[in-house]
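See below for the structure under consideration.
The values are calculated or read from the model by the stated rules, or taken from the named source; none is laboratory data. What you see is a predicted model, and the numbers here were worked out from it, not measured in a lab. Here the Cβ is made from the backbone with ideal geometry for all residues, glycine too, and neighbour counts use every protein chain on show.
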């Protein structure tokens, strides 16, 4: 009798024991892991992947995606360790640029295949200063602070310790309501202790020997030159300056029609002007461009 009871006890213990083969096996619920727990990390849940059977009721360090790395901050292949923004290393799966972008309430990491940053850009997370993300991506790219000088900006927030400077041309120009692109335009990041526009910037004074950006061209006002946007229809229109700042450092530009002014015979062969391109230019009230009267 005692021998029979011993055999029954062994069978019972075997039935209730831990099946080592199931540890780490994929699972969707506890029922998939007899005598174990099905643990799904935040990273697995976000990717719609199954969890893994766990003996301890927690994720398996170094072996499960989204779980902490092992004691040496490493993970079993094909997983690789990535440091979380909050600190600590977690295991992430394969991808082009997989990183831990957050740590969930359960203490597991959220991995994401972030876009690769080009050139001198650096990786950043959505919500970080100056971080440019696409769609609902939790990560993106940004230029390092030291690379921001003369970069395009919408506000000072885009320029770190620099300031966003707009010329008269890049500010809203209520005098040109008929031209749709005369709304507020991007400025450029400039030094806070010298917030002048950048040589070559649209609407900015062009120093001798300098050139304008490819979308602008040099326009003369007396002996000075400024960079003005090239009109969309540059066959029938020329860029002209219609407003100059008090310090002559910047201007506002417009597009004046070619061959719209009468010559001495009354034929429309002369180009329109502004008082800044020709001191004799007569501009009708409410207009920016006009004509030089021709003697009969």
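Is the stretch 68-82 home to any residue that is closer than 20 Å to residue 96 by Cα, touching a residue at least 24 places away in the same chain (Cβ under 8 Å) and either assigned by TED's automatic domain parsing to the domain that holds residue 96 or surrounded by 20 or more Cβ atoms within 10 Å (Cβ to Cβ) (or both)?
yes
Have a look at 85, 61, 34 and point out the one that is out of contact with any strand residue (DSSP E or B) (no Cβ under 8 Å at 6 or more places or on another chain) and part of a loop (DSSP other than H, G, I, E, B).
34
For the stretch 130-159, which positions are in a loop (DSSP other than H, G, I, E, B) and farther than 24 Å from residue 197 by Cβ?
131, 133, 134, 135, 136, 137, 138
Within the stretch 88-129, which residues are under 17 Å from residue 44 (Cβ atoms) and assigned to a loop (DSSP other than H, G, I, E, B)? Break it down stepwise before answering.
Restricting attention to the stretch 88-129, the residues satisfying the condition of being under 17 Å from residue 44 (Cβ atoms) are 90-95, 98-113.
Scanning the stretch 88-129 gives 93, 94, 95, 104, 105, 106, 107, 108.
Hey, could you check the stretch 180-197 for residues that are more than 11 Å from residue 163 (Cα to Cα) and under 22 Å from the mean Cα position of the chain (by Cα) and say which is modelled with the highest pLDDT?
Selected residue: 186.
Please return the ranges of strands (runs of 3 or more DSSP E) entirely within the stretch 182-240 where 3 or more residues are in the same structural domain as residue 254 (by TED's automatic domain parsing) and farther than 21 Å from residue 281 by Cβ. Talk me through it step by step, then tell me what you get.
Numbers: elements: 187-190, 216-221, 224-229.
Once the strands (runs of 3 or more DSSP E) in the stretch 182-240 are filtered for at least 3 residues that are in the same structural domain as residue 254 (by TED's automatic domain parsing) and farther than 21 Å from residue 281 by Cβ, what remains is 187-190.
Any residue in the stretch 164-173 that is under 18 Å from the mean Cα position of the chain (by Cα) and closer than 26 Å to residue 227 by Cβ?
Yes; the residues of the stretch 164-173 include at least one that is under 18 Å from the mean Cα position of the chain (by Cα) and closer than 26 Å to residue 227 by Cβ.
Which members of the stretch 93-143 meet the condition of being surrounded by 15 or more Cβ atoms within 10 Å (Cβ to Cβ) and in contact with a helix residue (DSSP H, G or I) (Cβ under 7 Å, 6 or more places away or on another chain)?
Scanning the stretch 93-143 gives 108, 109, 110, 111, 130.
From the residues in the stretch 211-256 that are within 28 Å of the chain's Cα centre (by Cα) and in contact (Cβ under 8 Å) with a residue 40 or more places away in the chain, which one is farthest from residue 273 (Cα to Cα)?
Residue satisfying both the conditions and the ranking: 229.
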